[in-house]
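Each remark here refers to the structure printed beneath this line.
The values are calculated or read from the model by the stated rules, or taken from the named source; none is laboratory data. All figures in this text were calculated on a predicted structure; none of them were measured in a lab. A quick note on method: Cβ atoms are made from the backbone with ideal geometry, for glycine too, and the neighbour counts reach across all protein chains shown.
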Amino acid sequence: VFDTLTPPRSEGCPSPLALGEYAASELAHDSHAQMAAHLSSCPRCREALRDLDDPSYLGSPQAKALRAELARRGGARPRGYAWLGAAAAAAAALLLFARSPGGEPDGARAKGADDSITVHVLHAGRVRRGGDGDEVMPGDALRFATTSARLCAFALYGYDARGRLDSYAQIDRLEPGREVALPSAVRLDDTPGEERFTAVFCDAPPDAHALTEAIRAGAGRLAGFPGCRVRSLVLHKAVAP
Amino acid sequence: MSVSAAELDALFRSHGPRVFRRARRLLGRDADAHEVVQDVFLGLVERPGQLELRDGVSAWFYTATTHACLNRLRNMRGRARILAARGQPSEADPQLEPDALVQLRDALAQLPPPLGEVAVYTFVDGMTQEEIAPLLGCSRRQVGVLIERVRAWGREQEARCSTR
């Protein structure tokens, strides 16, 4: 049965996963540009991309019911940093990651007005506060949290020395006045150089395409974006020993 | 950790439609695809650490959806057997789809992990061994070995059918 199937993918066309990563701005700069060029000349892949992100699903009764259930269940469990559990010898480090009694994260803050992002670094099983300009190593894991001054839409992007732009978080309604731990951690690869993280706090969900293109145009630097307040954090990744 | 309601909602709106599309493609029925979306997102609420330390959120949803679909296919096959034993019609409707897809789903339902995953990535998605390796966390060479095992399993099944 396997070999009788029609080949699902034409020569030169991206995989469904790669299309999804393109749509989510998770591809490196070069790969993103290559994909954009391919899409401009391949109607089949353009159709596949449209199909992939067809928003009609979100209007279905099942999707609405599930969304309501997720809203009910989200954040119901105690906050912590479970990703540490995936790392060896992280149990002790977990204590270091606990929030302070006042609710303030004890990681470095990239601050402007009251919007901030914080980062913690897991290195060799130990957690430390990350700070703007800090040195990190390949294989380190980063965990971000953010606080906003007022209700806003939030997004966080990372841009590495190779020109790869990653989208780490997109939250359309970030409630003000409390720290929100972002859902995924970042494992650093072995590309040495600057890792620039850009957080935007916007009055309304920004145009993701325009925003990512602006970050790319500035090689990871974003001075400003209409309707958004921008905060950034730079880490320096050393060469693996 | 937990995932806040706002984070979950953002993940659902950006990845929910893709999870649904993929599940419908693999399973063939909207009702099953809706249940897979539910499995994936409620599973994320229960075990948010699953998202951690992945190269990308898209890759996590992609593999999680594949696992959930294969589990459902395996369960559906078991249910179909029970219904058949009771003399009731199964839920699958082969009239709706080409024979090859129906046969493929039947084969996927019988393949144990990670062969089922390898079969989906290779024969349904058309991914290369290099693309599959990071999804399974193994080498390209190991992926090649697994694909050969899938093919050998398929030949064995064909031989069984032809001798019946």
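Condition (residue is facing chain B (nearest Cβ under 7 Å), at pLDDT below 80, touching a helix residue (DSSP H, G or I) at 6+ places or on another chain (Cβ under 7 Å) and surrounded by fewer than 16 Cβ atoms within 10 Å (Cβ to Cβ)) applied to the stretch A:72-91: is it met by at least one residue? Scanning the stretch A:72-91, I find at least one residue that is facing chain B (nearest Cβ under 7 Å), at pLDDT below 80, touching a helix residue (DSSP H, G or I) at 6+ places or on another chain (Cβ under 7 Å) and surrounded by fewer than 16 Cβ atoms within 10 Å (Cβ to Cβ), so the answer is yes. Residue count for the stretch A:130-152 under the criterion of being within 21 Å of B:Gly56 (Cα to Cα) and crowded, with 16+ Cβ neighbours inside 10 Å: the result is 9.
Assess whether A:Ala210 counts as being within 17 Å of the chain's Cα centre (by Cα) and either crowded, with 22+ Cβ neighbours inside 10 Å or within 14 Å of chain B (Cβ to nearest Cβ) (or both). So A:Ala210 fails the test. Read through the list (1) in contact with a Ser or Thr (Cβ under 9 Å, 6 or more places away or on another chain); (2) surrounded by 13 or more Cβ atoms within 10 Å (Cβ to Cβ); (3) part of a helix (DSSP H, G or I), then give the number of the only condition that A:Arg196 fails. Every condition holds for A:Arg196 apart from (3). Would you please name the residue that is surrounded by the most Cβ atoms within 10 Å (Cβ to Cβ), looking only at residues in the stretch B:131-149 that are within 12 Å of chain A (Cβ to nearest Cβ) and closer than 26 Å to A:Leu19 by Cα? Per the stated criteria, the residue is B:Ile132. Within this structure, A:Gly139 fails the test of being over 21 Å from B:Ala59 (Cβ atoms) and in a loop (DSSP other than H, G, I, E, B). Return the residue satisfying two criteria in turn: it lies in the stretch A:213-229 and is in contact (Cβ under 8 Å) with a residue 24 or more places away in the chain and at negative phi, and of such residues it is surrounded by the most Cβ atoms within 10 Å (Cβ to Cβ). Among those residues, the one meeting the criterion is A:Ile215. Tallying residues that are within 11 Å of B:Val150 (Cβ to Cβ), of a type in the set (Gly, Ala, Ser) and more than 11 Å from chain A (Cβ to nearest Cβ) within the stretch B:107-130 yields 1. Among the criteria (1) over 25 Å from B:Val36 (Cα atoms); (2) at pLDDT 75 or above, the one B:Ile132 does not fulfil is (1).
Given the structure, is B:Arg24 at pLDDT 80 or above, surrounded by fewer than 21 Cβ atoms within 10 Å (Cβ to Cβ) and under 12 Å from the mean Cα position of the chain (by Cα)? Yes; evaluated as a whole, the condition is true for this residue. Would you confirm whether or not the stretch A:35-55 contains a residue that is at pLDDT 90 or above, surrounded by 14 or more Cβ atoms within 10 Å (Cβ to Cβ) and under 23 Å from the mean Cα position of the chain (by Cα)? Yes: one or more hits. Condition test on B:Leu83, is it surrounded by fewer than 19 Cβ atoms within 10 Å (Cβ to Cβ), modelled with pLDDT under 85, in a helix (DSSP H, G or I) and not β-branched (Val, Ile, Thr)? So B:Leu83 passes the test.
Residues in the stretch A:170-179 that are touching a residue at least 24 places away in the same chain (Cβ under 8 Å) and surrounded by fewer than 22 Cβ atoms within 10 Å (Cβ to Cβ) were compared, and the one that is nearest to A:Gly220 (Cα to Cα) is A:Asp172. Taken over the stretch A:163-190, the criterion of being over 15 Å from B:Gly56 (Cβ atoms) and either in a loop (DSSP other than H, G, I, E, B) or among the hydrophobic types (A, V, I, L, M, F, W, C) (or both) is satisfied by A:Gly163, A:Ile171, A:Leu174, A:Glu175, A:Pro176, A:Gly177, A:Arg178, A:Glu179, A:Val180, A:Ala181, A:Asp190. Within the stretch A:163-181, the only residue that satisfies the criterion of being among the small types (Gly, Ala, Ser) and facing another protein chain (nearest Cβ under 7 Å) is A:Ala181.
Can A:Arg109 be described as at pLDDT below 75 and closer than 19 Å to A:Thr198 by Cα? The answer is yes for A:Arg109.
Scanning the stretch B:27-53 for residues that are within 7 Å of chain A (Cβ to nearest Cβ) and either of a type in the set (Gly, Ala, Ser) or more than 16 Å from the chain's Cα centre (by Cα) (or both) yields B:Val45, B:Pro48, B:Gly49, B:Leu51, B:Glu52, B:Leu53.
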